[in-house]
Amino acid sequence: MLEIKNLHVKLADEDREILKGLSLTVPKGEVHAIMGPNGSGKSTLAYVLAGRDGYEVTDGDILWNGESIIDMEPDERAAKGVFLAFQYPMEIPGVAGLTFLRTALNAVRKKRGEAELTTPAFLKLVKEKGQKLNIDVDMLKRPVNVGFSGGEKKRSEILQMALLEPTLCVLDETDSGLDIDALRVVSEGVNALRDKERAFVVITHYQRLLNYIVPDKVHVLADGRIQKTGGKELALELEKSGYAEYTHKAA
Amino acid sequence: MNVAVMKTKAEQAISESFEAAAEKLPGTDVVRERRAQAIGAFSSLGLPHRRIEEWKYTDLRANVKEIFPAALDDAMPLTIAELIVALGPLAHVDAHRIVFVNGHHRAGLGDFADAAGFEVAALGELLATATEDVSADLVSTPEGGDAVETLNTAFVTDGAVVRVTEGASASKPLLIVFVRTGGSASSVAVRNFVTVEDGASATVIEAHVVLPGAAQDAQLNALTEVTVGNNAALHHAKVAVDEGKALHLTSCDVTLSADATYRNFQFSAGLGLARNGLNVIFEGEGGKIDLSGGYLARRAEHIDTTLVVDHAVPRCESRELFKGVLEDHGRGVFQGKIIVRPDAQKTDGKQMSQALMLSEDAEFDSKPELEIYADDVVCGHGTTVAELDPDLLFYCRSRGIPEKEARALMIESFIGEAIEKVENEQLRGALASYATQWLGRSSGR
Ligand SMILES: Nc1ncnc2c1ncn2[C@@H]1O[C@H](COP(=O)(O)OP(=O)(O)O)[C@@H](O)[C@H]1O
Ligand SMILES: [Mg+2]
């Protein structure tokens with residue numbers, strides 16, 4: 001279970017508070033959507049969950065399976081099952097996708113006390129996952145994300161997620177920049193990973209994604225706090241009325 | 001005005017060292033004469049210093065404080081097993097070998113007698129028997145040679161004399177190995193000749209390696225003269241890996257005939273103070289060169305790459321890509337001159353030099369120089385200096401890769417883009433392993 005308690009976050013080198021007492025609970029097996037206007041702090045929340053530098057938690061806590069993660073390094077969190085699918089996945093010239101993933105997977109396996117995978121075993125696993133998700137794994141022979149289209153980048157994120165088998169999956173605007181076909185592949189990928197041991201935090205600006213990934217709960221994030229929580233119908237409401245009501249409240 | 005320049009201690013020591021060694025250096029009278037002339041010439045030149053434009057960033061007069069005795073012992077023991085240890089990852093490159101131990105040919109360690117396409121001999125042995133004319137050719141300072149090349153003439157003991165015969169295509173590379181061993185400080189001068197005759201092709205790898213435990217006080221002066229004939233091709237690499245202290249001065253002079261292809265890759269790691277000089281001249285139309293390299297410097301190591309590419313004739317193409325990783329107080333120097341003579345129309349020259357700075361104390365000096373006297377040419381150069389991208393590091397770490405490994409992955413990818421230039425797959429693998437070792441990771445990935 002993910003428990004975010006009264007989380008206050010400011011920028012490390014600026015006196016600006018972005019998250020102002022955010023509280024949120026996501027039980028295992030559930031998918032929670034976080035929706036909110038641009039600039040409301042959605043990506044900040046995602047980054048703080050993954051442990052990026054540049055943010056400072058000034059108050060509150062984040063517990064994953066009962067353990068506080070806010071003082072952990074990003075790679076420790078990954079070993080504990082945290083995974084962030086980036087809004088803007090990074091390009092790594094000169095590092096083949098397969099090398100990158102094998103390094104990541106073996107690092108995570110090592111920390112989880114599992115044996116490292118041999119090259120053939122790894123390649124077999126990659127192929128299996130690719131087939132299951134309907135993603136062509138040939139793209140992993142190229143340097144990570146270099147020259148990929150927006151859709152390919154997001155697919156590559158989902159494939160990485162499937163391989164690393166995280167238990168807390170945070171998806172930051174995975175739908176942005178995707179056409180309908182890519183959106184379907186990505187959503188099916190996410191749905192294939194849904195199970196009772198996994199929690200999902202799906203961040204999006206538009207309701208569209210939630211037609212494909214149907215959430216258990218929808219939260220509205222505005223002005224650094226959860227302003228409202230509801231069922232999936234809340235997303236439809238937001239689609240009609242927009243975020244004006246919440247940004248107003250914030251101002 | 002004639003001002004007597006004060007000689008430095010090192011310059012004086014060089015003359016004294018020559019006095020002590022002269023009798024024991026190989027060669028007939030004509031060679032002796034050449035050597036004596038060379039040391040005389042050096043006497044007036046002195047060590048290169050910062051007021052000489054080509055040595056502006058690599059001041060030998062200021063940095064070379066002492067001179068180690070010339071390595072004259074031609075019987076330093078080295079077993080095959082030790083050779084393999086010294087070669088490290090290079091031992092996996094399937095190649096014929098000619099091996100030199102502390103600057104002296106060691107027949108028992110090589111296997112070049114039946115190297116298809118190659119004719120290989122050791123310079124020291126040639127000098128003992130060669131005619132006056134041949135000797136004079138072998139021990140002369142290249143035209144326009146500088147003080148370092150002049151010193152090579154004075155002190156050279158041995159080296160590989162390689163010919164790839166007309167039309168031959170040598171399938172297996174030739175590995176010229178220079179190993180340092182033994183516990184005493186020493187100074188070594190070697191010289192190689194690589195001649196690729198018309199229509200022939202070959203791969204030649206020059207390796208400068210150290211047996212672990214060997215004295216770190218070491219000075220090397222290596223000169224390689226290359227000629228590539230009409231329609232011939234040479235893939236050439238120089239690999240120098242040391243333990244952080246050695247002085248490593250190398251020059252490579254290349255002459256290309258029409259439609260010749262020449263590729264050179266220079267890999268340097270752990271060199272205390274290094275100068276990698278490379279001069280290429282196109283003498284026939286349609287020549288193509290690709291000069292590239294990767295270097296790794298930490299602590300106070302200093303690696304200088306100085307290139308002069310002379311497009312003397314039309315329709316030739318040159319490509320240059322050099323990448324350096326600089327940590328601690330590591331310093332990289334890149335000087336790249338491209339000359340396009342008035343006749344050299346349709347010249348296509350591109351140069352790129354990149355440094356990755358891993359510390360605030362690292363230093364990189366880049367001096368590209370285009371001297372273009374023709375009008376119908378395409379020439380360009382670029383320099384980039386970058387640090388590790390914190391966003392990329394975070395991306396790697398968010399996938400579970402620990403910081404040290406993530407940094408290593410980034411650095412490997414940077415240097416890997418240079419190593420990609422090496423066409424021999426086994427050599428590429430060996431260089432990648434060196435880079436990995438340098439980064440302190442296990443190479444068994
Ligand atoms: N690293 C950062 N540096 C400066 N400003 C930032 C940084 N991260 C977030 N912000 C600011 O914090 C606010 C929230 O941004 P973000 O979390 O990206 O919102 P959202 O993802 O909801 O659009 C914005 O005003 C943004 O400019
Ligand atoms: Mg965002």
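The values are calculated or read from the model by the stated rules, or taken from the named source; none is laboratory data. Please read all numbers here as calculations on a predicted model, not as lab measurements. In this analysis, Cβ positions are derived from the backbone assuming ideal geometry, glycine residues included, and neighbour counts consider all displayed protein chains. We work out accessible area using only protein heavy atoms, side chains counted, and drop any ligands, DNA or RNA first. Shrake-Rupley method; radii C 1.70, N 1.55, O 1.52, S 1.80 Å.
Numbers for the structure displayed
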quantity: Verdict on A:Lys228 being within 23 Å of A:Asn6 (Cβ to Cβ), in contact (Cβ under 8 Å) with a residue 40 or more places away in the chain and among the basic types (Lys, Arg); calculated: no
quantity: Residue in region B:190-208 that is open to solvent by 10 Å² or more (accessible area, probe 1.4 Å) and among the small types (Gly, Ala, Ser) present; calculated: yes
quantity: Residue check, A:Val48 within 16 Å of ligand 1 (Cβ to nearest atom), over 30 Å from A:Gly150 (Cβ atoms), within 20 Å of the chain's Cα centre (by Cα) and among the aliphatic types (A, V, I, L, M); calculated: no
quantity: Residue match in region B:216-238 (condition: at positive phi, open to solvent by 10 Å² or more (accessible area, probe 1.4 Å) and among the small types (Gly, Ala, Ser)); calculated: no
quantity: Within region B:157-269, strands (runs of 3 or more DSSP E) holding 3 or more residues that are among the aliphatic types (A, V, I, L, M); calculated: B:160-164, B:174-180, B:186-196, B:201-210, B:218-228, B:233-241, B:247-256
quantity: Any hit, region B:400-420, residues being surrounded by 14 or more Cβ atoms within 10 Å (Cβ to Cβ) and more than 14 Å from chain A (Cβ to nearest Cβ); calculated: no
quantity: Selected residue [in contact with a His (Cβ under 8 Å, 6 or more places away or on another chain), open to solvent by 40 Å² or more (accessible area, probe 1.4 Å) and either within 14 Å of another protein chain (Cβ to nearest Cβ) or within 16 Å of ligand 1 (Cβ to nearest atom) (or both)] from A:Lys20, A:Lys80; calculated: A:Lys20
quantity: Qualifying helices (runs of 4 or more DSSP H) (wholly inside region B:1-91; at least 2 residues being of a type outside the set (A, V, I, L, M, F, W, C)); calculated: B:9-21, B:29-45, B:60-63
quantity: Any hit, region B:342-353, residues being in contact (Cβ under 8 Å) with a residue 60 or more places away in the chain and away from chain A (no Cβ under 13 Å); calculated: yes
quantity: Residue that is in contact (Cβ under 8 Å) with a residue 40 or more places away in the chain, away from chain B (no Cβ under 11 Å) and of a type in the set (A, V, I, L, M), where the choices are A:Ile135, A:Ile70; calculated: A:Ile135
quantity: Residue satisfying all of: in region A:28-38; open to solvent by 40 Å² or more (accessible area, probe 1.4 Å) and more than 16 Å from ligand 2 (Cβ to nearest atom); nearest to the other protein chains (Cβ to nearest Cβ) among these; calculated: A:Lys28
quantity: Hits in region A:39-51 (condition: β-branched (Val, Ile, Thr) and either in a loop (DSSP other than H, G, I, E, B) or more than 9 Å from ligand 2 (Cβ to nearest atom) (or both)); calculated: A:Val48
quantity: A:Asn191 being more than 11 Å from every other protein chain (Cβ to nearest Cβ), away from ligand 2 (no atom under 16 Å from the Cβ) and without any contact (Cβ under 8 Å) to a residue 40 or more places away in the chain; calculated: yes
quantity: Residue, nearest to the other protein chains (Cβ to nearest Cβ), within region A:83-104, restricted to residues that are open to solvent by 10 Å² or more (accessible area, probe 1.4 Å) and hydrophobic (A, V, I, L, M, F, W, C); calculated: A:Met90
quantity: Near pairs, Cβ below 9 angstrom, 6+ apart or cross-chain, from region A:201-223 (free of Cβ contacts under 8 Å to residues at least 12 places away in the same chain and within 22 Å of A:Glu3 (Cα to Cα)) to any residue that is surrounded by fewer than 23 Cβ atoms within 10 Å (Cβ to Cβ) and charged (D, E, K, R); calculated: none
quantity: Residue list for region B:149-189, filter: of a type in the set (A, V, I, L, M), open to solvent by less than 10 Å² (accessible area, probe 1.4 Å) and farther than 20 Å from B:Leu211 by Cα; calculated: B:Ala154, B:Val156, B:Ala160, B:Val162, B:Val164, B:Leu174
quantity: Residue list for region B:368-399, filter: within 22 Å of B:Gly332 (Cβ to Cβ), more than 14 Å from chain A (Cβ to nearest Cβ) and open to solvent by 30 Å² or more (accessible area, probe 1.4 Å); calculated: B:Pro368, B:Glu369, B:Leu370, B:His381, B:Thr383, B:Val385, B:Glu387
quantity: Counted residues, region A:61-75 - those being crowded, with 17+ Cβ neighbours inside 10 Å, assigned to a strand (DSSP E or B) and more than 16 Å from ligand 1 (Cβ to nearest atom); calculated: 1
quantity: Close pairs (8 angstrom Cβ cut-off, 6 or more residues apart or separate chains): under 18 Å from A:Ala78 (Cα atoms) and among the β-branched types (Val, Ile, Thr) in region A:31-49, open to solvent by less than 10 Å² (accessible area, probe 1.4 Å) and more than 7 Å from ligand 1 (Cβ to nearest atom) anywhere; calculated: A:Thr44/A:Val9; A:Thr44/A:Leu19; A:Val48/A:Leu7; A:Val48/A:Val9; A:Val48/A:Leu19; A:Val48/A:Ile62
